[in-house]
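Taken together, the values in this text are just the output of simple stated rules run on the coordinates, not laboratory data. Just so we're clear, the structure is a prediction, and the values are computed from it rather than from any experiment. Neighbour counts run over all protein chains shown; Cβ positions are idealised from the backbone, glycine included.
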Amino acid sequence: MKRNIKNPENVGIYDLVDINDNIIRAGTKEDAKKLRLFTRFVHILLFNTKGEIMVCKRPHNIKRYRNQITSSAGGHIEQGESYEISAKRELKEELGITIPLKDIGRFDVIGYKIRGIHHLFIGKSEKVSVDPHEIASYKFLSPNILSRDLALHPRRYAKPFHEALKYYLKHI
């Protein structure tokens, strides 16, 4: 996260949006929850030459989705960022790469603790340099094997990843 002069404590400040993705105001995740607004996210699925999807296990010491499997890269969109710029930033920060990405669309994740508008991006790469603070481990799996494992062991996977994979499989 960028250090913000107006926000020296480095509390995440995001564009808070309505269900139609219109910016209402800036604020924290807590503000979004209180005001029943949404924050924005990106997810990136990377594919290798075999068509397998790179999935990542989150570290045990991270606050959200610890020890769970999730997308190749992704995260919150910073205040003033577009989905595309955010996806490229997250890819560089988490996997150390810059590649062309394709936005395949929006899906929403709405739950007790989160109301998020997500955009799913896809790209191709086999060489990555993972940030150990963000990713404990990773592997490439075929979409079929991944779907079966997710159905058999849903708690292994972060809730937003369930939705991202479902969205991907529906729209390919």
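Run lengths n ≥ 4 of DSSP H only: what is the helix-derived mean residue ellipticity at 222 nm for the chain, with -39500 (n - 2.57) per run over all residues, to the nearest 500? Could the numbers behind the result be given before it?
Working: 4 runs with 43 residues, N = 172.
The helix contribution divided over the chain gives -7500 deg cm²/dmol.
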| If the cut-off is 12 Å between C-alpha atoms, which aspartates and glutamates fall inside it for LYS63, apart from same-chain ones fewer than 8 positions away? | GLU134
| query | If the chain between LYS139 and VAL11 were fully stretched, how many nm would it gain, using 0.36 nm times the residue separation less the Cα-Cα distance? | reply | 42.9 nm
| query | By how many degrees, 0 to 90 and rounded to 10, does the Cα axis of helix 83-95 deviate from the longest principal axis of the chain? | reply | 60 degrees
| query | If packing is taken as the mean number of other Cβ atoms within 10 Å per residue, what is the order of 55-66, 102-113, highest first? | reply | 55-66, 102-113
| Descending semi-axes in whole angstrom, ellipsoid equivalent of the stretch 14-171, from the Cα gyration tensor | 25, 17, 15
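Give the peptides 135-142, 160-167 in descending order of average Cβ contacts within 10 Å, highest first.
Numbers: 135-142: 15.2, 160-167: 20.2.
Ranking, from highest mean packing down: 160-167, 135-142.
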| message | Angle check, please: helix 159-171 long axis (alpha carbons) against the longest principal axis of the chain (alpha carbons), in degrees 0 to 90, nearest 10. | response | 60 degrees
| message | Quick check for you: which residues of the stretch 94-109 have the amide N under 17 Å from the point 7 Å beyond the Cα of SER129 toward its beta carbon? | response | 94-99
| task | Please arrange LEU35, LEU16 by counting, for each residue, the other beta carbons lying within 10 Å of its beta carbon, fewest first. | result | LEU35, LEU16
| Estimated inter-spin distance, ASP108 and LYS166, nm [label 7 Å along Cα→Cβ] | 1.4 nm
| In degrees from 0 to 90, rounded to the nearest 10, what is the angle of the helix 143-152 Cα long axis to the longest principal axis of the chain? | 70 degrees
| note | Excluding residues fewer than 8 positions from LYS124 in its own chain, the lysines with Cα under 20 Å of it are LYS50, LYS57, LYS88, LYS92, LYS102, LYS139, LYS166, LYS170
